[in-house]
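Engineer: Pasting a structure here, questions to come.
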Amino acid sequence: EGLNLEFQAGASAVRNMLNALDSGKQAIFENSSYRIQKLLALTADKFRETVTYPMDKVTSSDTDFMKSYYADHAVYNYRSINPAQHDMGNFSRSDFSHITPITKTVGMESKESFRSAGVYALPGQTVNITRHDNSDVDTKIFINTLRSGATHQFAKNGYKRPKFLQSTAVDIKSGETISLTSPYGGPLQVRFSENDLPVSFTFENVGEHAYWASDADSASFEAKLAAAEYDWAEVVTPGFEVHSKLDKMRISVMDDNWGNAQALASATMRYMHNFPHALAGFQGPGIDAIPEIHDFANANGWTIETLDKVKHMNADQATCGYGCSGNPYDAYWAYNPIGHGDVHELGHGLQGPRRFSGWQNHTMTNYYSYYTKSQFHKDTGGDPGCQALPFEKMFNVLQASVTKDDSAAHIKENLWDKMGWSEGAGMFIQMMMAAQDDGALSDGWLLRARLHLLEREYNRARADETTWNAKRTNLGFGQYSFADTMDVDNNDWYLIAVSYVTQRNYNDYFDMWAMPVTGKARQQVESLGYPVMKQQYFKSESREYCYG
């Protein structure tokens, strides 16, 4: 009670003030002004001396709790003296006296939005960073990739570490040297405004944690994992980077499917980067150009969007639930490039907002995971570990509906009114099976990819009426005016879209599932003149679909 009025408003103002000084490269302790800002920062330094984790909002001393929480808000790094916090809880040790700092020059290719530099800022020790290149790209340096929401300070015994572990990003220009001193330390990162430009930095007074970027790092990475001189480790690839607690990284690397960092990285590019983004209808570095996707797009004059950015995972604590989407996404588990949770969280960033009417968000999330897992099985014969889907239960509802006077009402009452996410996934995969069985697609999974392409083109076409009128025929919506598109029901959209991308008439098929659609949508599909997709259901045990 009273938290916002008596503390949070002021603490947030202090945080914003000191962050602005950091990002503005204002060295306030080398300036005769800024007295109040200096005192605010020094007060936090003093409070950090006595922080002890974990704390609990109910059982811990309010004064101790709020001193620590104030110190979290009042971090200021653009200075040469900033004592390490003595207790950093489950984020990291604070004593790095066993480490002899080094100077290291790092060259890399710029890539949005950021990349790991492969060096570690030691808590309480000043890092000097000099930029050498002249590339036309804005670069910013920051420490740690962790989201503030991953610290659950108000959960029961949840205040286990500082709240704001990721530092403010500080701009560094060509030829410039900046200096940062963090009370927490952590892996250094570089943020970029443009792709594919060479950059070079020298980092002075840093450590070298377990870091893998190429086979040249394999021996040192393995040795550093074993030595455990740091609590964080990173494996980076051209398209995906893993920022992991040391214990979780050991689990990731030693998984029976991989066994070393190089194999983990190769699997990451294939199963975490390539297949999910191919299924999402993207092209770009490391993403297969699958003819059944690209040829169809080219034949319709559609644009295939390019994805050329690095995505990230924090194997640490989740911001929400047990894993939480974003870039980075974060999770309590150890990273695995074919892990359902990992590709699931990645999938949240790919699925888009459109889904059948009444379906919940997760009905559209897992196809990327299942596709990756099915490809892993195809590659290796290994167990893909896909989720169980209720195919038999759904079949029984459909079969029973045939004997009812109102079959659609029976299906609605016994299937759609009681559905979770898995029934939606089951129906979507049945549509994929139907398309493959009928020869509309040689690989039914790619229905999802074609739908992504159509949806993006549909959204672009709706920029204005002229654009819509020019493009609507090649989207399957030739009978829809620009005004009609303002309120197209999602069921109608999917009926037309699925029919168009498979070149089959799904009207009867949607009837089988009692999916309500309008007469206008049905007429649009009929006008396309496609062969009728049969009303049939494919028998699959709960996980059999993932084996092909």
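Okay, residues lined up against (1) part of a loop (DSSP other than H, G, I, E, B); (2) in contact with a Ser or Thr (Cβ under 9 Å, 6 or more places away or on another chain); (3) surrounded by 23 or more Cβ atoms within 10 Å (Cβ to Cβ):
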{"position": "Arg270", "(1), (2), (3)": "no, yes, no"}
{"position": "Ile293", "(1), (2), (3)": "no, no, yes"}
{"position": "Phe296", "(1), (2), (3)": "no, no, no"}
{"position": "Trp302", "(1), (2), (3)": "yes, no, no"}
{"position": "Asp308", "(1), (2), (3)": "yes, no, no"}
{"position": "Met313", "(1), (2), (3)": "no, yes, yes"}
{"position": "Gly321", "(1), (2), (3)": "yes, no, no"}
{"position": "Asp330", "(1), (2), (3)": "no, yes, yes"}
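Engineer: Another question, then. Considering the stretch 147-161 alone, what residues qualify as being in a loop (DSSP other than H, G, I, E, B) and either in contact with a Phe, Trp or Tyr (Cβ under 8 Å, 6 or more places away or on another chain) or more than 14 Å from Gly186 (Cβ to Cβ) (or both)? Please lay out each step first, then the result.
Structural biologist: Start the filter on the stretch 147-161 by keeping residues that are in a loop (DSSP other than H, G, I, E, B), which leaves 147, 151-158, 160-161.
Passing the criteria: Thr151, His152, Gln153, Phe154, Ala155, Lys156, Asn157, Gly158, Lys160, Arg161.
Engineer: Go over the candidates Ile99, Ile81 one by one and state the one that is among the hydrophobic types (A, V, I, L, M, F, W, C) and farther than 30 Å from Gln8 by Cα.
Structural biologist: Details: Ile81 fails: farther than 30 Å from Gln8 by Cα.
Within the list Ile99, Ile81, the selection yields Ile99.
Engineer: Here is a follow-up. Could you grab me the full set of residues in the stretch 431-450 that are over 23 Å from Gly352 (Cα atoms) and in a loop (DSSP other than H, G, I, E, B)?
Structural biologist: Asp438, Gly439, Ala440, Ser442
Engineer: Here's something else I'd like to know. Criterion first (of a type in the set (Phe, Trp, Tyr), touching a residue at least 12 places away in the same chain (Cβ under 8 Å) and under 26 Å from Pro291 (Cα atoms)) does Phe391 satisfy it? Step through it out loud before you land on a result.
Structural biologist: Numbers: of a type in the set (Phe, Trp, Tyr): yes; touching a residue at least 12 places away in the same chain (Cβ under 8 Å): yes; under 26 Å from Pro291 (Cα atoms): no.
Spelling it out, it is not the case that Phe391 is of a type in the set (Phe, Trp, Tyr), touching a residue at least 12 places away in the same chain (Cβ under 8 Å) and under 26 Å from Pro291 (Cα atoms).
Engineer: How many of the residues in the stretch 47-63 are aromatic (Phe, Trp, Tyr), over 20 Å from Ile81 (Cβ atoms) and in a helix (DSSP H, G or I)? Working first, answer last.
Structural biologist: Taking the stretch 47-63 and keeping what is aromatic (Phe, Trp, Tyr), we get 47, 53.
Now restrict to residues that are over 20 Å from Ile81 (Cβ atoms): 53.
Checking which are in a helix (DSSP H, G or I) leaves us with none.
Residues meeting the conditions: 0.
Engineer: When residues of the stretch 519-535 are filtered for being within 20 Å of Thr473 (Cβ to Cβ), of a type outside the set (A, V, I, L, M, F, W, C) and open to solvent by 30 Å² or more (accessible area, probe 1.4 Å), how many remain?
Structural biologist: First, the residues of the stretch 519-535 that are within 20 Å of Thr473 (Cβ to Cβ): 520-531.
Checking the rest, the ones that are also of a type outside the set (A, V, I, L, M, F, W, C) come to 520, 522-524, 526-527, 529-531.
From what's left, open to solvent by 30 Å² or more (accessible area, probe 1.4 Å): 520, 522-523, 526-527, 529-531.
Going through the stretch 519-535 one residue at a time, the tally reaches 8.
Engineer: Among the helices (runs of 4 or more DSSP H) confined wholly to the stretch 351-425, which include 1 or more residues that are in contact with a Pro (Cβ under 7 Å, 6 or more places away or on another chain), polar (S, T, N, Q) and at pLDDT 95 or above? Steps first, please.
Structural biologist: Numbers: elements: 367-380, 391-401, 407-414.
By residue number, 367-380.
Engineer: Could you tell me whether any residue of the stretch 458-465 is in contact with a Lys or Arg (Cβ under 7 Å, 6 or more places away or on another chain) and farther than 18 Å from Glu526 by Cβ?
Structural biologist: Let us first name the residues in the stretch 458-465 that are in contact with a Lys or Arg (Cβ under 7 Å, 6 or more places away or on another chain), namely 461.
With farther than 18 Å from Glu526 by Cβ added as a condition, the list becomes 461.
Taking every residue of the stretch 458-465 in turn, at least one turns out to be in contact with a Lys or Arg (Cβ under 7 Å, 6 or more places away or on another chain) and farther than 18 Å from Glu526 by Cβ.
Engineer: Search the stretch 124-154 for residues being in contact (Cβ under 8 Å) with a residue 60 or more places away in the chain and out of contact with any strand residue (DSSP E or B) (no Cβ under 8 Å at 6 or more places or on another chain), and hand back the single one that is most open to solvent (accessible area, probe 1.4 Å).
Structural biologist: Asp136
Engineer: Also: Here's a check for you: in the stretch 440-478, which residue that is of a type in the set (Asp, Glu) and free of Cβ contacts under 8 Å to residues at least 24 places away in the same chain is most open to solvent (accessible area, probe 1.4 Å)? Outline the logic, then answer.
Structural biologist: Narrowing the stretch 440-478 to residues of a type in the set (Asp, Glu): 443, 455, 457, 464-465.
The next check asks that each one be free of Cβ contacts under 8 Å to residues at least 24 places away in the same chain; those that pass are 464-465.
Working: Asp464: 65, Glu465: 104 Å².
Out of the qualifying residues, it is Glu465.
Engineer: Would you please list the contacts, defined by Cβ atoms under 7 Å and residues six or more apart or on different chains, that run from a residue in the stretch 247-276 that is over 27 Å from Ala289 (Cα atoms) to a residue that is modelled with pLDDT of 95 or more and open to solvent by 40 Å² or more (accessible area, probe 1.4 Å)?
Structural biologist: Val253/Asn260
Engineer: Those residues that are over 18 Å from the mean Cα position of the chain (by Cα) and either over 25 Å from Ser113 (Cβ atoms) or in contact (Cβ under 8 Å) with a residue 60 or more places away in the chain (or both), I need them from the stretch 224-244; list them, please.
Structural biologist: Narrowing the stretch 224-244 to residues over 18 Å from the mean Cα position of the chain (by Cα): 224-233.
Result: Lys224, Leu225, Ala226, Ala227, Ala228, Glu229, Tyr230, Asp231, Trp232.
Engineer: Quick one: count up the residues across the stretch 196-242 that are in contact with a Pro (Cβ under 8 Å, 6 or more places away or on another chain), open to solvent by less than 10 Å² (accessible area, probe 1.4 Å) and part of a loop (DSSP other than H, G, I, E, B).
Structural biologist: 2
Engineer: Here's another thing I want to ask about it. Do we have Gly107 as under 30 Å from Val58 (Cβ atoms), surrounded by fewer than 19 Cβ atoms within 10 Å (Cβ to Cβ) and out of contact with any Leu (no Cβ under 8 Å at 6 or more places or on another chain) here?
Structural biologist: On the way: under 30 Å from Val58 (Cβ atoms): no; surrounded by fewer than 19 Cβ atoms within 10 Å (Cβ to Cβ): yes; out of contact with any Leu (no Cβ under 8 Å at 6 or more places or on another chain): yes.
So Gly107 does not fit the description; no.
Engineer: Are any residues in the stretch 21-46 open to solvent by 50 Å² or more (accessible area, probe 1.4 Å) and part of a helix (DSSP H, G or I), and if so, which ones?
Structural biologist: If the condition is that a residue be open to solvent by 50 Å² or more (accessible area, probe 1.4 Å) and part of a helix (DSSP H, G or I), then Ser23, Phe29, Glu30, Arg35, Ile36, Leu39, Leu42, Thr43, Lys46 are the ones that fit.
The values are calculated or read from the model by the stated rules, or taken from the named source; none is laboratory data. Everything numeric in this text was worked out from a predicted model, so none of it was measured. Don't worry about glycine lacking a Cβ; one is built from the backbone with ideal geometry, like all the others, and counts go over all protein chains shown. When the accessible area is computed, the model is the full protein with side chains, heavy atoms only, and any ligands, DNA or RNA have been set aside. Shrake-Rupley method; radii C 1.70, N 1.55, O 1.52, S 1.80 Å.
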